[in-house]
Amino acid sequence: MNNNSSVVKKMLGLSLGLVAIVALSAFGNGKRENSLVRFKGAIGADPISNVVVSGTTTTVSPNTVRGVPPPGQIWRIADLDANVSTDGHIRVRGRGVLLGGGNGIGTNGGQSVFATLFCGPASGATASSSNQAGVALESDGDFTIDDVLSPFPPNACETPVLLIRTAAGSHPWFAAGIED
């Protein structure tokens with residue numbers, strides 16, 4: 001094999017590698033052509049929204065979001081990446097959903113979680129959920145949801161809110177996605 005042939009093969013290999021990197025980076029950003037709404041990052045749940053002290057009376061307001069009750073304890077989340085497609089497919093990757101207080105602090109509390117997407121104003125939002133049986137949190141609080149929402153969300157999702165909820169009891173929320 002001569003030198004020119006070797007150089008051409010190396011250049012071809014580098015070119016194909018560059019094309020693959022560009023293609024993977026475009027795919028890896030999660031922006032699908034049929035994406036309805038995306039969430040990048042999240043906020044953990046604090047069960048208390050507001051405390052008002054007036055004289056000897058203390059009023060505590062629960063941190064209810066879109067009609068969904070808060071958990072009984074603080075929860076934290078390290079990271080979240082979620083995409084909801086126009087066909088209702090939802091993919092959520094969460095990291096570090098762990099108790100932020102109480103005797104179980106730093107554990108997953110033995111919980112399973114599912115996702116609910118709310119579209120529209122708070123007073124009349126459409127709620128669509130993944131399977132409410134949920135997926136078990138790993139010991140470090142990581143989880144992946146790969147499901148189809150029911151019912152399908154509307155074609156346009158105005159003022160979206162994504163809640164990560166427990167599969168137990170009244171399904172309180174543990175984390176809320178930050179719209180991307």
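Results, tabulated for the structure shown:
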quantity	calculated
Amide H contacts under 5 Å for Ala125, placed H, 5+ residues apart	none
Cα gyration tensor, region 32-179 - rounded (a/c under 1.5), prolate or oblate	oblate
Label-reachable residues, region 90-121, where backbone N falls under 20 Å from a point 7 Å from Ala136's Cα toward its Cβ	92-99, 104-115
Table column - 3J(HN,Hα) (Hz), region 113-127, Karplus curve with 6.51, -1.76, 1.60, x for Gly and Pro	10, 9, 10, 10, 9, 10, 10, x, x, 3, 6, x, 5, 8, 9
Which of Thr56, Thr86, Thr166 has the fewest Cβ neighbours within 10 Å, and the rest in rising order	Thr56, Thr86, Thr166
Using a Förster distance of 45 Å, the FRET efficiency for Ala122-Thr56 (Cβ separation, nearest 0.05)	0.85
Label point distance in nm, Ile43-Val148, each placed 7 Å from Cα along Cα→Cβ	3.3 nm
Phi-based couplings in Hz for region 129-145 (Karplus 6.51, -1.76, 1.60; Gly and Pro marked x)	10, 6, 4, 6, 5, x, 10, 5, 6, 5, 4, 8, x, 7, 7, 9, 10
Gain on full stretching of the segment that runs from Glu158 to Ile178 - 0.36 nm per residue minus C-alpha separation	5.8 nm
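Every number in this text was worked out from the coordinates using simple rules, so none of it is lab data. For clarity, every value in this text was computed on a predicted model and none was experimentally measured. Virtual Cβ from ideal backbone geometry, glycine too; neighbours counted across all protein chains shown.
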